[in-house]
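The values are calculated or read from the model by the stated rules, or taken from the named source; none is laboratory data. In this text, all values refer to a predicted model and were calculated from it rather than measured experimentally. Cβ placement follows ideal geometry from the backbone for every residue including glycine, while neighbour counts extend to all protein chains displayed.
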Ligand code: MCA
C-alpha cells in the first residue's frame, strides 16, 4: 500500500467514479468521482497553506461534504488529520492546538470552502507506508489531560478491509449516517467501509430521530450509538415496515443494554449487531454477521486481531472477569508525544491494555463488564470525571466534589456531581448549579453534569479515598426516577 489508505480506497472506488457517494437529503448526490476531485482541491489548498507530508491539520468544523473532502485531502497529501469535537470550547481547542502543533487549523468552514473552490487540485497521492501516521484522535485521560491516539495508514487500511468483509458491505448498500465525523466511528468506521464497497451514504447532518426514521426506508445499513436506537424506540414508526430494506443495524461506542437489544429486535425484526472498539485500536470485536448476535456481548475478535482477558497477576483467563487486552494491525503505535502514557498502556509482551474489564467465554465471545477507571460514556462520548471535578473544586463555594456516571434513560450513562459546599456558603446552595455551570465554561457542554447533588460529605474509605462505587449504588436511580 504505497499510497496509503487513500490509495487503497481510491483503488476500489476508482471502479465506480460515477456512483453516488454522499447524499445529503434535498441535494444531488456527490459521486465518488466528484469527491475524488474535491479532495484533490482540498489537498491543493492545504499545500498552498504550507502543509506538507507529516504535518498535522486540526479541524473543528461542522459535518459537511467539504469536511469529508478535507479529511481525504489530508490523507492524499500524506499529512495527519486531527478532528475535534465541534462542542469543544476555544480553551479546549487551544490546548489541542498546543499539543498537536499543526501547520494549519481549520475552524472557519466557509473560508475553507472558498479556499477549496479557488485551489489548484493536487491529484497525486503521496506515497505512504503502513507505519506512517494518518490521524491523531484525542481521548481524555484518567489524569484529565487529553492524549492524542496515533493511527497509521496501516491501522486504517486493515481495519477498513476487515469491517468491509465482516459486515458484508456491497455496492448496492445504502448506509444511513447520522453520526458526527470527528470520531473514529462516524469518520473512519463508517466512511471507509462504505468507500471500500463503493456504496451510497445517506449523509445526515446530525442525529435527529424523526429525520432518521423518515430516511430509514431508503437504507440497508445503519451505524449508531445505543442512544440513537433508544431514541428511535420512542417513535411508534420505528417498526418492521420502516426497516423493509435494512439488512444490518450496527451499534457501538457504548454498551447496549440487553433489553434495548431485545426491544429493537421485537419492534423491527432486526437483531442489532453490537461491536466493540476504541480510538486507540479502531474496531476490535464484532458480533457475527452470520450467526448468533448475543445481546449484552460484543462478539468475537475480528480476523487478524488478538483479544485476551488477563487476571490481576497478568495471566490470561477464560470464563473469568479481567482486563481486556488487544494485539494486532489495528492497534495504533501509541499516544502522540507521550511515551510515558504509551508505555503504561502496553503489557511487557506488547499487548494494548484497553482499560475495559470483560470476560471471554470458551468460544472466544467477549462480554464487557465495565471499566477499570471511572470514565463515563455518555451518549457515546467519553467524559472524564477528574476534568470536571478539578473545575468544580476551583469554585470558592465548593469544598470538594465527586463526579460519577449514573444510568440515564437517554444517554445510557450521564454525569452527576456530588458537591460539598464550602461552609458559610450554604445560603447560596440554590444558586450554586448555575454558578457552577459558569465555572465549567471552559469545558464542552456535553461534559457538564446533568445533575448536582449537594451532600454533607463524600463517602470515603479509611485511606481517605472517595468511594465512587458507593455513590453509584446509593444514587443509582437518580436519573431514572
Ligand atoms: C449532546 N449533549 C450531551 C451529549 N450530546 N450530553 C451528554 N452526552 C452526550 N453524548 C448535550 C449538549 O451539550 C447539550 O447540552 C444538549 O445535550 C443538546 O445538545 P445536542 O447537540 O442537541 O444533542 P443531540 O443532538 O441530542 O446529541 C446527542 C447524541 C450525540 C445524538 C447522543 O451526542 C451523538 O450522536 N453521539 C454519538 C457520539 C459518537 O459518535 N461517538 C463515537 C465516539 P446543553 O443543553 O446543556 O447545552 S467513540 C468511537 O469512535 C469509538 C472508536 C467506537 O467504538 O465507536
Checklist entry - Only one of (1) touching a helix residue (DSSP H, G or I) at 6+ places or on another chain (Cβ under 9 Å); (2) within 22 Å of residue 84 (Cα to Cα); (3) at pLDDT 95 or above; (4) more than 14 Å from the ligand (Cβ to nearest atom) is not met by residue 178, so which one is it? => result (4)
Next on the checklist: Considering only residues that are more than 13 Å from the ligand (Cβ to nearest atom) and in contact with a helix residue (DSSP H, G or I) (Cβ under 8 Å, 6 or more places away or on another chain), which ones fall in the stretch 386-402?
Outcome noted: 387, 391, 392, 394, 395, 397, 398, 400, 401, 402
Checklist entry - If residue 405 satisfies every condition in (1) in contact (Cβ under 8 Å) with a residue 12 or more places away in the chain; (2) outside any strand (DSSP E or B); (3) within 16 Å of the ligand (Cβ to nearest atom) but one, which is the exception? => result (2)
Item to check | Residue list for the stretch 116-164, filter: over 13 Å from residue 80 (Cα atoms), in a helix (DSSP H, G or I) and in contact with a helix residue (DSSP H, G or I) (Cβ under 6 Å, 6 or more places away or on another chain) | outcome: 116, 157, 160, 163, 164
Checklist entry - Within the stretch 127-136, can one find any residue that is closer than 23 Å to residue 99 by Cα and within 14 Å of the ligand (Cβ to nearest atom)? => result yes
Checklist entry - Checking residue 418 against (1) under 16 Å from residue 391 (Cα atoms); (2) within 12 Å of the ligand (Cβ to nearest atom); (3) touching a strand residue (DSSP E or B) at 6+ places or on another chain (Cβ under 7 Å); (4) not in a loop (DSSP other than H, G, I, E, B), which test does it fail? => result (2)
Checklist outcome for this item: Exception for residue 432 within (1) buried (at least 16 other Cβ atoms within 10 Å of the Cβ); (2) within 14 Å of the ligand (Cβ to nearest atom); (3) free of Cβ contacts under 8 Å to residues at least 40 places away in the same chain falls at (2)
Item to check | Residues located in the stretch 76-99, provided they are touching a residue at least 40 places away in the same chain (Cβ under 8 Å) and within 19 Å of the chain's Cα centre (by Cα) | outcome: 80, 81, 82, 83, 84, 85, 86, 87, 88, 89, 92, 96
Item to check | Residue that is farthest from residue 273 (Cα to Cα) [pool: residues in the stretch 322-346 that are touching a strand residue (DSSP E or B) at 6+ places or on another chain (Cβ under 6 Å) and part of a loop (DSSP other than H, G, I, E, B)] | outcome: 338
